[in-house]
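Here's the structure, in structure tokens; my notes come after.
The values are calculated or read from the model by the stated rules, or taken from the named source; none is laboratory data. All values derive from a computational prediction rather than experimental measurement. In this analysis, Cβ positions are derived from the backbone assuming ideal geometry, glycine residues included, and neighbour counts consider all displayed protein chains. When the accessible area is computed, the model is the full protein with side chains, heavy atoms only, and any ligands, DNA or RNA have been set aside. Shrake-Rupley method; radii C 1.70, N 1.55, O 1.52, S 1.80 Å.
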Amino acid sequence: MNVIAPIKFKKDMFKFLEEVVSTNKEIEITTNNAQGLNDGVILISKRKWTSMQEELYLQRTGTLNYISSLMENSTKVDLEEI
């Protein structure tokens, strides 16, 4: 993951936005808080965010576990019938 300071992000914001959209890779924008700990934000593409939200929904509803168990217990014949 690319890590940058806020001043660099501000200077080349459009370039970084285009990079995230085109590569689908995250960029971390770091800041330091009063305690001196590294803090910041992660810039992700809308495509990745949507994918993450869908996966969280599938986990929350139990659908992901159900599909995974079907896949683990299936045979080649089962999959060919689909």
Report task. Hey, can you tell me all the residues within segment 4-13 that are more than 20 Å from the chain's Cα centre (by Cα), among the hydrophobic types (A, V, I, L, M, F, W, C) and assigned to a helix (DSSP H, G or I)? Result -> ILE7
Report summary line: Inside segment 21-43, the number of residues satisfying the requirement of being modelled with pLDDT of 90 or more, touching an Asp or Glu at 6+ places or on another chain (Cβ under 7 Å) and either open to solvent by 50 Å² or more (accessible area, probe 1.4 Å) or part of a helix (DSSP H, G or I) (or both) is 1
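Kindly provide the set of residues from segment 1-40 that are among the aliphatic types (A, V, I, L, M) and in contact with a helix residue (DSSP H, G or I) (Cβ under 9 Å, 6 or more places away or on another chain), ordered by number. So that I can check it myself, show each step before the final result.
Here is the first cut: in segment 1-40, the ones among the aliphatic types (A, V, I, L, M) are 1, 3-5, 7, 13, 17, 20-21, 27, 29, 34, 37.
The answer is ILE4, VAL20, VAL21, ILE27, ILE29.
Yes or no: segment 63-72 includes at least one residue that is modelled with pLDDT of 95 or more and open to solvent by less than 100 Å² (accessible area, probe 1.4 Å).
Taking every residue of segment 63-72 in turn, none turns out to be modelled with pLDDT of 95 or more and open to solvent by less than 100 Å² (accessible area, probe 1.4 Å).
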Requested in this report: Considering every residue within segment 49-58, establish whether at least one is surrounded by fewer than 10 Cβ atoms within 10 Å (Cβ to Cβ) and either among the polar types (S, T, N, Q) or not in a strand (DSSP E or B) (or both).
Outcome: no
